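S.K.: Here it is, the structure in full.
The values are calculated or read from the model by the stated rules, or taken from the named source; none is laboratory data. It should be emphasised that the depicted structure is a prediction, and the values quoted were computed from it without experimental measurement. Cβ coordinates were reconstructed from backbone atoms using ideal geometry, including for glycine residues, and neighbour counts include every protein chain displayed.
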């Protein structure tokens, strides 16, 4: 009955629902895309430098231990409320898994492969694009999958700082003790997380087989 009531509410308020859904998706795509642009090049830059990698790995590990709501709340004094602080907070959530997996992907490449490429006279740029990046893609995709799931869930908390999205329905459902309204937000978030897990997992398997 509760599920039927939730679908009925979506049907009768489709405009409101899809505005929130699109907002949630926008926050996730923006934050994940920006995090990818930051984390992957940084991971490649420090992977072969032990001291730099050690520092970056420890910083990323410390960032992963910070609760999502604490990160979102920390942006408010500096950026106020709305989409921008929500996206920045989600970027902070998304960067550590991407960064760590990129470093792992580079370090797992057999040194003999790099030596062979160097012996063939390949430049650093050629080795990056033709050897290191293709071989590291499965590990990077694993990081993308983890980051995507964290961002999708973390975006539900963005409603606390005016970010909007599907989290608004969850907060409203809790505030007025309306379970159908809560499910209107919770079920799509869960489905998005499952879709991200399956999609990026499938891509990871494809590139692992090609590797």
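S.K.: May I ask you to list the residues in the range 27-52 that are over 17 Å from the mean Cα position of the chain (by Cα) and surrounded by fewer than 19 Cβ atoms within 10 Å (Cβ to Cβ)?
M.R.: Listed by number, the residues that qualify are 44, 45, 48, 49, 50, 51, 52.
S.K.: What is the number of the single condition among (1) assigned to a loop (DSSP other than H, G, I, E, B); (2) free of Cβ contacts under 8 Å to residues at least 60 places away in the same chain that residue 165 does not meet?
M.R.: The number of the failed condition is (2).
S.K.: Looking at (1) under 30 Å from residue 48 (Cβ atoms); (2) part of a helix (DSSP H, G or I), find the lone condition where residue 109 falls short.
M.R.: Just one mismatch for residue 109, condition (2).
S.K.: Of the residues 143, 165, which single one is closer than 17 Å to residue 91 by Cα and at pLDDT 90 or above? Please lay out each step first, then the result.
M.R.: On the way: 165 fails: at pLDDT 90 or above.
Exactly one of 143, 165 is closer than 17 Å to residue 91 by Cα and at pLDDT 90 or above, namely 143.
S.K.: Just checking, which of 128, 93 is in contact (Cβ under 8 Å) with a residue 12 or more places away in the chain, within 22 Å of the chain's Cα centre (by Cα) and in a helix (DSSP H, G or I)? Reasoning before the result, please.
M.R.: Numbers: 128 fails: within 22 Å of the chain's Cα centre (by Cα).
The match here is 93.
S.K.: Still on this structure, please answer the following. Note down all Cβ pairs under 6 Å where the first residue falls in the range 194-207 and is in contact (Cβ under 8 Å) with a residue 60 or more places away in the chain, the second is surrounded by 15 or more Cβ atoms within 10 Å (Cβ to Cβ), and they're at least six residues apart or on different chains.
M.R.: Qualifying pairs under 6 Å: 203/141; 204/138; 204/141; 204/142; 207/137; 207/138.
S.K.: Tell me, which residue of the range 1-18 that is in contact (Cβ under 8 Å) with a residue 60 or more places away in the chain and under 21 Å from residue 155 (Cβ atoms) is surrounded by the most Cβ atoms within 10 Å (Cβ to Cβ)?
M.R.: Restricting to residues being in contact (Cβ under 8 Å) with a residue 60 or more places away in the chain and under 21 Å from residue 155 (Cβ atoms), the top hit is 6.
S.K.: Which of the residues spanning the range 139-154 are under 22 Å from residue 7 (Cα atoms) and buried (at least 23 other Cβ atoms within 10 Å of the Cβ)? I'd like the intermediate steps shown before the answer.
M.R.: Quick first cut of the range 139-154, residues under 22 Å from residue 7 (Cα atoms) only: 152-153.
Of everything in the range 139-154, just one residue is under 22 Å from residue 7 (Cα atoms) and buried (at least 23 other Cβ atoms within 10 Å of the Cβ), namely 152.
S.K.: Criterion first (surrounded by 19 or more Cβ atoms within 10 Å (Cβ to Cβ) and touching a helix residue (DSSP H, G or I) at 6+ places or on another chain (Cβ under 9 Å)) does residue 106 satisfy it?
M.R.: It is true that residue 106 is surrounded by 19 or more Cβ atoms within 10 Å (Cβ to Cβ) and touching a helix residue (DSSP H, G or I) at 6+ places or on another chain (Cβ under 9 Å).
S.K.: Confirm whether residue 22 is surrounded by 12 or more Cβ atoms within 10 Å (Cβ to Cβ) and without any contact (Cβ under 8 Å) to a residue 12 or more places away in the chain.
M.R.: Here the answer is yes, as residue 22 does meet what is asked.
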